[in-house]
Amino acid sequence: MVERVAFRGRTPMQLVGLKDEEYLNMINSRERRSIKRKGLDYKNLIEKVEKHAKGNNTKPIRTHIREAVILPSWVGMTFEVYTGKEYKKIVINASMLGHRLGEFGFTTKRVIHSSPGIKATRGSKFLAVK
């Protein structure tokens, strides 16, 4: 079975051709307000993405702006989003439209504890060993 990805009833190819005004009418009001009230950092990111698209670069775009709303013109691009410690690589696809970049670059990892050392009892695993 072939999975068909669509956003609000439109295919990814139709979404890439959308103008910003048409796309703004399709997303939630919270994301719409965020895009309209974009600050200087967000404007610089959009300019960087446009410049990157014109230059046909293959390098990912590095950013600290986790609250940036994913736009249709970003589909197929690769971003590296800062998690507080490192950059996580994110490839944008049509199912990510309307979400924020930070939702896909997790800031915490799963904690995996090791087992106690050799000849250790359950109670002694919490004591400091000299």
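All of the numbers you see were taken from the coordinates with simple rules; none came from a lab. Because the structure is a prediction, the values reported are computed rather than measured. When we count neighbours, we look across all protein chains shown, and the Cβ atoms used for this are built from the backbone with ideal geometry, even at glycine.
If Lys and Arg each add +1 and Asp and Glu each add -1, what is the summed charge of the other residues whose beta carbon sits under 12 Å from the beta carbon of VAL49?
Residues close to VAL49 contribute a combined charge of +3.
Convex hull over the alpha-carbon atoms of the range 12-126: what's its volume per residue in Å³?
Enclosed volume per residue, from the Cα hull, is 161 Å³.
LYS59: which aspartates and glutamates have alpha carbons under 17 Å from its alpha carbon, excluding same-chain residues fewer than 8 sequence positions away?
The qualifying aspartates and glutamates are GLU47, GLU50, GLU80, GLU86.
Which order results if LEU24, LEU101 are arranged by neighbouring Cβ count within 10 Å, fewest first?
Ranked by crowding around the Cβ, least crowded first: LEU24, LEU101.
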